[in-house]
Amino acid sequence: MKLDQTVFHRTDWEYILVLYRICSSDLEETSFSHQHFELSTGQSPRLIELITRLWHVYNQRGGISKFQTEMLFRDVLNETLICVDHRQNSGESDVLFERVSTYIQEYYDQSLTVASLAEQNNVNRNRLSYVFRRHAGMGPAEYVLKYRINMAQQMLLASDASVQQIAETVGIADPFYFSRVFKKQCGISPTEYRLKFINNPS
């Protein structure tokens, strides 16, 4: 069905609503076709990245975008189920991941290292890396970097600040390094990203 989006305010997503319809006529009235499910995924930068890409690709024209939309939608559902599975089987690691990831999201603009995060939470670096790879599919350093770039994407569209100012605001002092990792994650430079989506909001 047609994808729609409503932005209430510029904060992190708290939940994602997926509407679907089962088209098989063989299903009984008491089946899944009339039930709702809530899946708790936790904080996953990869999931947010996939959903953002899905939204942008969906709004592009051409046959290839339809194919990419379907593939990305499947990737979103797959990542969602992986996140849910990790949370259900994680136990104490779930608590550790939630605590550290929440801290990262609050202080992403500060100097954050794997060593300092591990020391702050009384675990060794190997344990922290294992927990992040289990829950987010990446190490804590990559998680911090991806979160910073995600925040930079929002700032590029919501403000007139320079690329260097935005880089510093998200905790990356070197603007050249910022531009390099931004392009690696988003496929285009920060300046190109701003021009593309300001000139074509959809």
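Worth a mention:
- Principal axis analysis of the Cα atoms in segment 129-172 yields extents of 38, 16, 8 Å, listed in decreasing size.
- Our summary gives segment 159-202 a relative contact order of 23 percent, counting only alpha carbon pairs under 8 angstrom and 6 or more residues apart.
- Solvent accessible area, Å² - R99, 1.4 Å probe, full protein context: 120 Å²
- Taking the protein heavy atoms of segment 97-136 in the context of the full set of protein chains, the accessible area attributed to carbon and sulfur is 42 percent at 1.4 Å.
- Cβ-derived FRET efficiency at R0 30 Å, N124 paired with F197, nearest 0.05: 0.15
- Stokes-Einstein D in µm²/s, Kirkwood radius over Cα pairs - segment 99-202 at 20 °C with 1.002 mPa s viscosity: 148 µm²/s
The values are calculated or read from the model by the stated rules, or taken from the named source; none is laboratory data. Just so we're clear, the structure is a prediction, and the values are computed from it rather than from any experiment. Cβ: placed from backbone, ideal geometry, glycine included. Neighbour counts: every protein chain shown. With ligands, DNA and RNA removed, areas are computed over all heavy atoms of the protein, side chains included. Shrake-Rupley method; radii C 1.70, N 1.55, O 1.52, S 1.80 Å.
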